[in-house]
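Undergrad: This is the structure I have questions about; it appears just below.
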Amino acid sequence: MTKYLKSKKPFVCILNYGSGNITSVYNAIKFLGYSTKVSNNMSDISKSTHLILPGVGAFDSSMQKIKYKLPLQYLKKEIFKNKKPFLGICVGMQVLATFGYEFKKTKGLNYIDGETIKIKTKKLKLPHIGWNKIKILKKIDILENLNNKDFYFVHSYYFKAKNKNNIIATTNYNHSFPSIINKNNIYGVQFHPEKSLTNGLKLLNNFIKNC
């Protein structure tokens, strides 16, 4: 984060494109005591110190809504030029990929090189629903005071990162998949921190306080 952003009181803009879990994310941020707003307005994005892209649903339909409802060129400037910390949650992480393959091949935001593909499982059911542990591969600020903790997952697809250096933590469900990714000021989590009780609140607080 830039020195300018660090000097400002945190204000989290939860990007509004019609995702189903926006209220849960909003309530979690408010519970932590931070100022937040659900918006797709450029002025709110500009005023924000942190950006969160929540997600529930399929890759293709989510990308259609994102392209229609969010000012993507302006958002890209805030993330890549102004270096605002950005967190994608669940499908919000998956759409960071170059392409997704849920129902059909769909172009993603391409913020981090990779593809969103289906979990390969023989005996285990899809979607992967419930609590599961993360295995931390790299210690970064968003993981302060977190190690091998349980988080709540709901998904059938996962982000296959092209560069393994972008993989921060993994989770096992028949096979290992990235559950946290990071590139510079861009973060993605496959689980739902807003539904993960104390551990989820710790991670969200770390994102706002440390990133």
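Undergrad: Give me the orientation-averaged projected area of the Cα convex hull of the stretch 141-189, in nm², one decimal.
TA: Result: 3.9 nm².
Undergrad: At 222 nm, what helix-only mean residue ellipticity would the chain give, in deg cm²/dmol to the nearest 500, using -39500 (n - 2.57) for each DSSP H run of four or more?
TA: Dividing the helical sum by the residues of the chain leaves -6500 deg cm²/dmol.
Undergrad: Another question, if that's okay. Sum up the charges of everything whose Cβ sits under 11 Å from the Cβ of THR106, counting Lys and Arg as +1 and Asp and Glu as -1, but leave THR106 out.
TA: +1
Undergrad: If packing is taken as the mean number of other Cβ atoms within 10 Å per residue, what is the order of 71-79, 119-127, 25-33, highest first?
TA: 25-33, 71-79, 119-127
Undergrad: Subtract the Cα-Cα distance of SER35 and LYS47 from 0.36 nm times their separation in residues, and report this length gain in nm to one decimal.
TA: Extending this stretch completely gives an extra 3.2 nm.
Undergrad: Report relative contact order for the chain in percent, whole number only (criteria: Cα-Cα under 8 Å, sequence separation at least 6).
TA: 19 percent
Undergrad: Take every DSSP beta bridge with both residues inside the stretch 3-210 and express the antiparallel ones as a percent of the total, to the nearest 5.
TA: The antiparallel fraction comes to roughly 60 percent.
Undergrad: Dimensions of the chain along principal axes (Cα, Å, largest first)?
TA: 50, 37, 30
Undergrad: For the pairs LYS120/LYS209; LYS77/LYS120; LYS47/LYS120; LYS47/LYS67; LYS118/LYS209, flag any whose C-alpha to C-alpha distance is greater than 30 Å.
TA: As for pairs spanning more than 30 Å Cα to Cα, those are LYS120/LYS209; LYS77/LYS120; LYS47/LYS120; LYS118/LYS209.
Undergrad: Hey, another quick one. Among SER156, SER43, SER179, which one moves the most in a GNM of the chain with springs linking Cα atoms closer than 10 Å?
TA: Looking only at SER156, SER43, SER179, the biggest GNM fluctuation is shown by SER43.
Undergrad: Also, quick follow-up: Under the classification rounded if a/c is under 1.5, otherwise prolate if a/b is larger than b/c and oblate if not, where does the stretch 119-208 fall, given a ≥ b ≥ c as square roots of the Cα gyration tensor eigenvalues?
TA: In terms of gyration-tensor shape, oblate.
Undergrad: Take the alpha carbon atoms of the stretch 53-89, find their center, do the same for the stretch 98-121, and report the distance between the two centers in whole angstrom.
TA: Between the Cα centre of the stretch 53-89 and that of the stretch 98-121, the gap is 15 Å.
Undergrad: Can you give the net charge of the other residues whose Cβ lies under 15 Å from the Cβ of GLN64, counting K and R as +1 and D and E as -1?
TA: Once positives and negatives cancel, what remains is +4.
Undergrad: Taking neighbour counts of Cβ atoms within 10 Å as a proxy for exposure, in what order, fewest first, do MET93, MET42, MET63 appear?
TA: Ordered from fewest to most neighbouring Cβ atoms within 10 Å, MET93, MET42, MET63 come out as MET42, MET63, MET93.
Every read-out reported here was derived from the displayed coordinates using simple, explicitly stated rules and does not represent laboratory data. Source: prediction; values computed, not measured. A quick note on method: Cβ atoms are made from the backbone with ideal geometry, for glycine too, and the neighbour counts reach across all protein chains shown.
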